[in-house]
1. Count the lysine pairs in segment 27-97 whose Cα atoms sit under 28 Å apart, keeping only pairs 8 or more residues apart in sequence or on different chains.
2. Farthest toward the dipole's positive end in segment 27-97, which of V44, S63, T97, given Cβ charges of +1 (Lys, Arg) and -1 (Asp, Glu) about the Cα centre?
3. Hey, can you rank 237-249, 173-185 by average C-beta count inside 10 Å, highest first?
4. Just to check I understand the Karplus step: with θ = phi - 60° and J = 6.51 cos²θ - 1.76 cosθ + 1.60, what whole-Hz values come out for segment 185-195, glycine and proline as x?
5. Which order do the peptides 138-148, 56-66, 107-117 take when ranked by the mean count of other beta-carbon atoms within 10 Å per residue, highest first?
6. Given labels modelled 7 Å from the Cα in the Cβ direction, how far is it in nm from K127 to R101?
7. Given a Förster radius of 35 Å and the C-beta distance between D170 and S215 as r, what FRET efficiency does 1/(1 + (r/R0)^6) yield to the nearest 0.05?
8. With θ set to phi - 60°, apply the Karplus curve 6.51 cos²θ - 1.76 cosθ + 1.60 along segment 244-257 and write out the HN-Hα couplings as whole Hz, x wherever there is a Gly or Pro.
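What follows is calculated from the coordinates using simple rules that are stated; it is not laboratory data. Keep in mind that what you see is a predicted model, and the values were worked out from it rather than measured. Cβ: placed from backbone, ideal geometry, glycine included. Neighbour counts: every protein chain shown.
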Amino acid sequence: MAACSIEDVLAKAEQDEAEKLKSITVQKELDLEFDIGNLVAYDVNRIDIRQFREQKKDDFLRSLARDNTQLLINEIWKHPTERVEEVIVVKLPEPTTVLPREKPPPKPRPPTKWEEFAKLKGIQKKKKTNLVWDDVAKNELHRLRNIARAQKIKVPGVGLTPTAQQSKTDLVRAVNVAKVSTASAGKFQDRLPKEKAPRNTGKKRKFQPVIGNFSNEKQRQLDLLKVMDSKKPRLDVNKAVNKQMREDDREESAAKFRKGGKKGRKGGNFSGKGKGGKGKGGGGKGRAGGKGQGPPGGKKGAGKPGKR
């Protein structure tokens, strides 16, 4: 066994250490092409054939792969980083290289019998919706329509929202609005014993505009003057006929009432002055009961007996 000097051992140890701890700076004639999204680097530099032949193939390829990997790692850390669960990671960009599939693309699924029938008849599949019919929303919509119809406004998009502080007027108005918000628009809504009738709920008077179309105003004034200058009073035929019919009905009703009253008095007690007869036998000349139509033997109509 050949003797080894201390210098040779130290030199070999330094060489091994240098091999393990190579510099992160790698010099290349041409820059590599990187696809950081796929973690791929393309080395387009020319391979030194003499160096490849002089060294061992495995050592040469290992050294070349190490340098290219070092350049790829250097390029990766140039991108923005973030901390995730106490670990620093790099945000990779979108890949630029289209990689081939590992397996062939799947074949299209053959259509079912229903799909063939729908295609033949032209039936299109409707997209299902997650909306469900809500009866409460329907009633709310009817309520808002009734309110809008009563207030003569458009249907609001949302419900009535209360304010922070409501006055007496606001509360009364809210109560009146709630009453007319029923299905019958408040027609059959009961009132409280001492509840007052709501104000400003009747029909409003409509006035003609002061400015605007003067021809209509001129025509109205001319019609008024024509009525005032006419000698014959203006007669409303319908109104007169209705008035006469009401009077005829009233007279007919009064006549029926009087006729019915006479029939009801038949056979009643009526007073009449009887003429006492002085004739023989004490019989009076007049009939018992006098001139009255009451029955004979009446108290007030009885005649005085004659003297013998």
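1. Details: K28/K56; K28/K57; K28/K78; K28/K91; K78/K91.
Count of close lysine pairs: 5.
2. S63
3. Working: 237-249: 9.7, 173-185: 15.0.
Descending packing order for the listed peptides: 173-185, 237-249.
4. Values per residue, Gly and Pro as x: 6, x, 5, 9, 7, 6, 10, 6, x, 10, 7 Hz.
5. Details: 138-148: 14.5, 56-66: 11.5, 107-117: 8.8.
Averaged packing, sorted descending, gives the order 138-148, 56-66, 107-117.
6. Result: 2.8 nm between the two label points.
7. On the way: r = 45 Å, r/R0 = 1.28.
Between D170 and S215 the formula returns 0.20.
8. Computed from phi, the couplings for segment 244-257 are 5, 5, 5, 5, 4, 5, 5, 5, 4, 5, 5, 5, 5, 5 Hz.
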